[in-house]
1. From the list LEU106, LEU110, exactly one residue is touching a strand residue (DSSP E or B) at 6+ places or on another chain (Cβ under 7 Å) and not small (Gly, Ala, Ser). Which is it?
2. Enumerate the pairs (first residue in the range 29-49 and more than 16 Å from PHE63 (Cα to Cα); second residue anywhere and among the small types (Gly, Ala, Ser) and part of a loop (DSSP other than H, G, I, E, B)) with beta-carbon separation below 6 Å, excluding pairs fewer than 6 apart on the same chain, so at least 6 apart or on different chains.
3. Quick one: in the range 151-163, which of the residues that are of a type outside the set (D, E, K, R) and under 16 Å from GLY61 (Cβ atoms) is surrounded by the fewest Cβ atoms within 10 Å (Cβ to Cβ)?
4. If you go through the range 85-94 one residue at a time, do you hit one that is in contact with a strand residue (DSSP E or B) (Cβ under 8 Å, 6 or more places away or on another chain) and among the acidic types (Asp, Glu)?
5. Which one is nearest to the chain's Cα centre (by Cα) among residues in the range 19-40 that are modelled with pLDDT of 85 or more and either of a type in the set (Gly, Ala, Ser) or closer than 22 Å to VAL172 by Cβ (or both)?
6. From VAL133, VAL174, which residue is hydrophobic (A, V, I, L, M, F, W, C), within 16 Å of the chain's Cα centre (by Cα), closer than 20 Å to LEU65 by Cβ and modelled with pLDDT under 95?
7. Working only within the range 23-58, note down all residues that are loosely packed, with under 14 Cβ neighbours inside 10 Å and not in a strand (DSSP E or B).
8. Confirm whether VAL71 is under 25 Å from VAL172 (Cα atoms), among the β-branched types (Val, Ile, Thr) and surrounded by 10 or more Cβ atoms within 10 Å (Cβ to Cβ).
Amino acid sequence: MWFLVLLSLAVFASAYVVPTESLDVYYVVFPNGVEVRGLDGSVLYSMEAVYPPLASDAVGGCFALVNRPYVYQILRREVPIEITTPTNIELSDDVLNALRQYGVVLPKRLSVVLNFTLPLPPVIIAGVYKGAVASLHTPYGYPHWATSLVLNASVVATNCVDVIVGGVDGSVVVVRNGAVARRFKLPAPVTAAVYSRDGKTAYLGTAGGEVYKLAGDLSRVYTCRGSVLNMATEWSKRLGFLWGVQ
């Protein structure tokens, strides 16, 4: 009963709960962070993150997290205006007489080139993009590794060895030991990802309704009408998924 109350409170707080089959911890994901909680509701570990996708393996042996911070970049550029113009000048008699005292003889009229540099207010160029920091943790939060990725992450899945991160542009990255082991791209945004219970096969769902199987080679195994919203593997090793029709 208390777990149903917890789920209701999580929904009210714009959070979601990731349960585990280990029955000793579960994960509460908020828009601004993650908490690892024991069955009594006590917080065992917490960390700040920006709208982080989180996933565990089939038995709760680990969890993978993708922090999605906004990265701000500000460039300051100064663009001065340089003007070069030729002109003629006429020296006064006083200047000519003063120069002659030092042995410098110049004509009264000279052709010169004037160079002007006009400083303008600096141009400020501000940019912002979505970053992604994928990490793998023990069930209680201790980090194994973390690495930065160049994509706008939408989903994550793990078998406690590899971490798969899918992006809104269809990009898929497989990370192992903190390094990118494989990279490919699907024709639609990645909306769901899950590993099989034995951890040997990964499944990816897209907004275009395709379900892909990754077991060495990548292959499309199913197409549905609408977007694949979620997927889960059963004890029978069958794959179940939820899709929405737009």
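1. Sole residue among the options that is touching a strand residue (DSSP E or B) at 6+ places or on another chain (Cβ under 7 Å) and not small (Gly, Ala, Ser): LEU110.
2. Correct list of pairs: PRO31/SER14.
3. Once the filter is applied, the top-ranked residue is VAL161.
4. yes
5. GLY33
6. Step by step, each of VAL133, VAL174 is checked, and only VAL133 is hydrophobic (A, V, I, L, M, F, W, C), within 16 Å of the chain's Cα centre (by Cα), closer than 20 Å to LEU65 by Cβ and modelled with pLDDT under 95.
7. LEU23, ASP24, PRO31, ASN32, LEU39, ASP40, GLY41, SER42
8. Yes.
The values are calculated or read from the model by the stated rules, or taken from the named source; none is laboratory data. Because the structure is a prediction, the values reported are computed rather than measured. Here Cβ is always computed from backbone atoms with ideal geometry, including for glycine, and neighbour counts include all displayed protein chains.
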